[in-house]
Amino acid sequence: MQVETLPPILSTLRNTDHPYMQGAWTPMYGEVNARDLTVIEGAIPTDLDGVYVRNTEIPVHEPIGRYHPFDGDGMLHVISFRGGKADYRNRFVRTRGFQAEQEAGQSLWGGLMAPPGASLRPGWGAHGGLKDSSSTDVVAHAGKLVSTFYQCGEAYLLDPDTLDNEGLAGWAPIDGVSAHAKVDEATGELLFFNYSKHAPYMHYGVVDRHGKLVHYVPVPVGGPRLPHDMAFTEHYAILNDLPLHWDAEALKNGFHATKMHDRPSRFGIIPRRGRPEEIRWFEAEPTYILHFLNAYEEGDEVVMDAYFQENPEPGPKPDAPRGFAHMMGYLDQHMMRPRLHRWRFNMKTGKTTEQHLDERVLEFGMFNQRYAGRPYRYAYSAVAVPGWFLFDGFVKHDLVSGKSWSLQLPQGRYASEAPFVPRIGAKDEDDGYLVTFVIDENTQTSECLLIDCQRFEEGPVARIALPHKISSGTHSCWADRRFLRDGVLPRE
Ligand SMILES: [Fe+2]
């Protein structure tokens, strides 16, 4: 393994006892390029050619007010596979906020838990005074990586091979782009939404495979909402208006507190290039959904899978360190209790039927993107560590037979969100690998794991050493090199 280290960025963060600046969430700052990574166990398969990218939140400066782990600056980690070899590099996303704070040598924006008016500069994005860190999500589209922020900010473009920052996506509208824009590899389109505090409160848009905004329409809802994700089928996009959103009274005083409202969940189904008057709204059981899996059309029905939170308002975590109970409650999947759940929306009758598909606490689902928007069979979910925003296992579901398989990591090893990588020449939907980064608290090292999805419970087929210990983070994607080159992967 050959490692090149870049000049250091400026960090002013001091030692702290913050629970999300310790262990697997310990911030790291080194930016490196590493070639020909060392294989610890097994072998890197030769039948994958592309990149796995994951976003991370890194606190760079001493925070203004109390730090929330979603406040950190975005850092992308990319491992590139080709011909049985792997290279790695990582870079901060050079957002306007990151650059301004590098120049100032200090935090200029307060975070999610800072009081109103704490920021030293006006910001942009849904909260006004919140730094757009571009630290939540990453997708590949039109040959570039696109990193985004959950509170609706800019879309930042990066080169998938070099991780060179290439500035802002010109297609992003004034109200910004939420995390969880969806890419349909079969058409090369990117479907996105945003939300704001002013009418019509939500928009939906489509960017074509050349990076041109080709559709952008309002999605009128009854007030400020807080959607986090969306879904799509071959012909429709599915937006949501869920009963957990900002408390209007608190918002008047500048506080962004969430509250569960006494009303049903609503899902808006719009033709992918549809007009606002074509949106069909369906009511369903009240819940909050952080992440969706897939959706597809079947006869008169639109079928949608996602994680149904049984307790969207978890309240304070009882055993949390003083001052962190509320934050830690909302980061604990075992308090929110998301269940793999299926909704069926009947486009003829307007009726919704729904049911749990599994009773376990699962989230951060992945599936074979070649089946995105189409009928699919296999889903992969992450298993969260009780009490923490950390993952230590995965569950594979066969959604047709109901069978499932589990993979648990050894004690002290934490995984990241794990996309499915189709094997080159794959014959079946589950013919491929899950790819994930692992932080090992026992050895203070990090690895990349590849798990053969047809031999799910046998453990990884390859363990690949990373050149440094990374920090835990959030979302990720796999991008096939053919998709990066052509901007589209026609269905075979
Ligand atoms: Fe998310």
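A Cβ distance below 6 Å, combined with a sequence gap of six or more or placement on separate chains, defines the contacts here; from region 349-363, residues that are part of a strand (DSSP E or B) reach residues that are open to solvent by 40 Å² or more (accessible area, probe 1.4 Å) in the pairs THR353/ARG344.
Any residue in region 146-157 that is away from the ligand (no atom under 16 Å from the Cβ), among the hydroxyl-bearing types (Ser, Thr, Tyr) and open to solvent by 30 Å² or more (accessible area, probe 1.4 Å)? No, every residue in region 146-157 fails to be away from the ligand (no atom under 16 Å from the Cβ), among the hydroxyl-bearing types (Ser, Thr, Tyr) and open to solvent by 30 Å² or more (accessible area, probe 1.4 Å). For the condition within 16 Å of the ligand (Cβ to nearest atom) and outside any loop (DSSP other than H, G, I, E, B), GLY97 does not qualify.
Quick check on region 297-340: of everything there that is assigned to a strand (DSSP E or B) and open to solvent by 10 Å² or more (accessible area, probe 1.4 Å), which residue is nearest to GLU234 (Cα to Cα)? Talk me through it step by step, then tell me what you get.
Going through region 297-340, the residues assigned to a strand (DSSP E or B) turn out to be 297-298, 301-309, 338-340.
If we keep only those that are open to solvent by 10 Å² or more (accessible area, probe 1.4 Å) too, we end up with 297-298, 301, 308, 339.
Values: GLU297: 7, GLU298: 11, GLU301: 13, PHE308: 23, ARG339: 25 Å.
Going through the qualifying residues, I end up with GLU297.
Across region 250-291, the number of residues qualifying as on the phi > 0 side of the Ramachandran plot and among the hydrophobic types (A, V, I, L, M, F, W, C) comes to 0. Within region 190-211, residues that are closer than 16 Å to LEU484 by Cβ reach partners that are part of a loop (DSSP other than H, G, I, E, B) and β-branched (Val, Ile, Thr) with beta carbons closer than 9 Å, at six or more positions or on different chains, in the pairs ARG209/THR187; ARG209/VAL488. When residues of region 239-273 are filtered for being more than 16 Å from the ligand (Cβ to nearest atom), open to solvent by less than 40 Å² (accessible area, probe 1.4 Å), within 26 Å of ALA372 (Cβ to Cβ) and assigned to a strand (DSSP E or B), how many remain? Result for region 239-273: 7. Is it the case that some residue within region 201-221 is open to solvent by 20 Å² or more (accessible area, probe 1.4 Å), within 24 Å of LYS131 (Cα to Cα) and away from the ligand (no atom under 16 Å from the Cβ)? Yes, because at least one residue in region 201-221 is open to solvent by 20 Å² or more (accessible area, probe 1.4 Å), within 24 Å of LYS131 (Cα to Cα) and away from the ligand (no atom under 16 Å from the Cβ). Residues in region 445-469 that are open to solvent by 40 Å² or more (accessible area, probe 1.4 Å) and not in a loop (DSSP other than H, G, I, E, B): 6 in all.
Could we say that LYS182 is within 16 Å of the ligand (Cβ to nearest atom) and farther than 15 Å from THR56 by Cα here? Quick ask: steps written out before the conclusion?
Numbers: within 16 Å of the ligand (Cβ to nearest atom): yes; farther than 15 Å from THR56 by Cα: yes.
Here the answer is yes, as LYS182 does meet what is asked.
Please work out if ARG35 is within 21 Å of the chain's Cα centre (by Cα) and open to solvent by 40 Å² or more (accessible area, probe 1.4 Å).
Numbers: within 21 Å of the chain's Cα centre (by Cα): no; open to solvent by 40 Å² or more (accessible area, probe 1.4 Å): yes.
It is false that ARG35 is within 21 Å of the chain's Cα centre (by Cα) and open to solvent by 40 Å² or more (accessible area, probe 1.4 Å).
One line per residue, one yes/no per condition, for (1) without any contact (Cβ under 8 Å) to a residue 12 or more places away in the chain; (2) of a type outside the set (A, V, I, L, M); (3) more than 16 Å from the ligand (Cβ to nearest atom); (4) in a strand (DSSP E or B):
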position: GLN411; (1), (2), (3), (4): no, yes, yes, no
position: TYR433; (1), (2), (3), (4): no, yes, yes, yes
position: ILE439; (1), (2), (3), (4): no, no, yes, yes
position: THR443; (1), (2), (3), (4): yes, yes, yes, no
position: SER471; (1), (2), (3), (4): no, yes, yes, no
position: TRP478; (1), (2), (3), (4): no, yes, yes, yes
position: PHE483; (1), (2), (3), (4): no, yes, yes, no
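Selection of strands (runs of 3 or more DSSP E) fully inside region 1-84 by the criterion of at least 2 residues being under 30 Å from ASP452 (Cβ atoms) and either hydroxyl-bearing (Ser, Thr, Tyr) or in contact (Cβ under 8 Å) with a residue 60 or more places away in the chain (or both) returns 32-35, 39-42, 50-58, 73-82.
LEU168 falls short on exactly one of the conditions (1) open to solvent by less than 10 Å² (accessible area, probe 1.4 Å); (2) at pLDDT 95 or above, and that condition is (1).
The values are calculated or read from the model by the stated rules, or taken from the named source; none is laboratory data. Remember, predicted model here, so these are calculated numbers, not experimental data. All Cβ positions, glycine included, derive from the backbone under ideal geometry; neighbour counts span all protein chains shown. Accessible surface areas use protein heavy atoms only, side chains included; no ligands, DNA or RNA. Shrake-Rupley method; radii C 1.70, N 1.55, O 1.52, S 1.80 Å.
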